[in-house]
Amino acid sequence: MAETTMTRDDVMRETVAHVRRVGELMLEPITELQRRAVWHDDSKFSPEEFESFARETPTLKSLTYGSPEYKAALERIKPALEHHYGRNPHHPEYHPDGINDMNLVDLIEMLADWKAATERHADGDLRRSIEQNAERFGYDDTMKRLLYLTAASFGWLA
């Protein structure tokens, strides 16, 4: 292998170019996250979803996530949920192979959605949601750890 001669200035220019390029690339997911922050769950305002969510949200807020009563309330709005899941990639149900087909931006939005949902319930707990959803969506301990570490890094765990 041929040895390359670089001056300190060459190394500085190359390093600066690399640092700037990484910043440019990081702006792509940041821009997508900003777009999703503005348009998150916009389909809930559609005719296919709004009336069902308007009718059941007060009840859902008073129920424990995952309880039989909670599941019954979801069943009552099943058509609206199916419409919703089919239009929002931050839901595992959107993807053919569920959470395994989600990208990091989907996962971040999903986790933020779960955090916000726990805040709507008197007994909401993001740790418990991550645990329950591991069973519901079939993800492994590696994914669980990623979700916990991400939530903890933002101060989202009680």
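Every number in this text was worked out from the coordinates using simple rules, so none of it is lab data. Remember, it's a predicted structure, so these values are computed and weren't measured experimentally. Don't worry about glycine lacking a Cβ; one is built from the backbone with ideal geometry, like all the others, and counts go over all protein chains shown.
Given C-alpha coordinates of the range 102-158, what is the ratio Rg to Rh with the Kirkwood estimate of Rh? Ratio of gyration radius to Kirkwood radius for the range 102-158: 0.93. Using a cut-off of 23 Å between alpha-carbon atoms, which lysines can reach K44, once sequence neighbours fewer than 8 places away in the same chain are excluded? By straight Cα distance, K44 reaches K61, K71, K78, K115.
All distinct Cα pairs of the range 43-87 go into the 1/r average, and the inverse of that average, the Kirkwood radius, is 10.6 Å.
When Rg and Dmax are taken over the Cα atoms of the chain, they come to 20.8, 71 Å. The Q132 and R87 beta-carbon pair, evaluated with R₀ = 25 Å, returns a calculated FRET efficiency of approximately 0.55.
Relative contact order for the range 1-111: what is it in percent, counting Cα pairs under 8 Å that are at least 6 residues apart? Numbers along the way, then the final one.
On the way: 59 pairs, mean separation 22.6, N = 111.
This gives 20 percent for the range 1-111.
A protection proxy built from the mean count of other Cβ atoms within 10 Å ranks the segments 52-60, 128-136, 10-18, 68-76, most packed first, as 128-136, 52-60, 68-76, 10-18. Straight-line reach from K144: taking Cα to Cα under 14 Å and skipping same-chain neighbours fewer than 8 places apart, the aspartates and glutamates in range are E131, E135.
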